[in-house]
Amino acid sequence: ELLVGLNSSLPPPKDSARTLHKRSIELIEQWNTEFGQHYRQLNLGYRFLKISLRTQRFPSVVEEATREERQREAQEARTQELIREKFAEIP
């Protein structure tokens, strides 16, 4: 409850608090996806948080993490391509 901000906000610095908040929601979603069907308490806790937050943050967090990973992979592929082009130009 403390990490997802139900009762109070996280202490400063704000950037770190936002990162911690986002990462905790990601992990809760991931744990529920992987283990929720086997651990009823985990599934109940996930549903409680999802209802308590009254937003659809959980699915969007997973989608956002997937989108960020794709962007990182695309950037890495582009960087590798540029490096290959530079080496190809060297006589």
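The values are calculated or read from the model by the stated rules, or taken from the named source; none is laboratory data. Here the structure is a predicted model, which means the values were calculated and not measured. We place every Cβ from the backbone using ideal geometry, glycine too, and count neighbours over all the protein chains shown. With ligands, DNA and RNA removed, areas are computed over all heavy atoms of the protein, side chains included. Shrake-Rupley method; radii C 1.70, N 1.55, O 1.52, S 1.80 Å.
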query: Since LEU44 meets every condition but one in (1) surrounded by 11 or more Cβ atoms within 10 Å (Cβ to Cβ); (2) assigned to a loop (DSSP other than H, G, I, E, B); (3) modelled with pLDDT of 85 or more, which condition does it not meet?
result: (2)
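Being over 16 Å from GLU63 (Cβ atoms) and surrounded by 15 or more Cβ atoms within 10 Å (Cβ to Cβ) is the filter here, so list the residues in the stretch 21-41 that pass it. Let's see the steps before the verdict.
If we filter the stretch 21-41 for residues that are over 16 Å from GLU63 (Cβ atoms), which is where we start, we get 21, 24, 31, 34-41.
Answer for the stretch 21-41, where residues must be over 16 Å from GLU63 (Cβ atoms) and surrounded by 15 or more Cβ atoms within 10 Å (Cβ to Cβ): HIS21, SER24, TRP31, GLY36.
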- request: Starting from the stretch 8-32, keep only residues that are in a helix (DSSP H, G or I), then list their pairs with residues that are open to solvent by less than 80 Å² (accessible area, probe 1.4 Å) and at pLDDT 80 or above whose Cβ atoms are within a distance under 7 Å, requiring at least 6 positions of separation or different chains.
  value: ILE28/TYR46; TRP31/LEU42; ASN32/LEU42; ASN32/ASN43; ASN32/TYR46
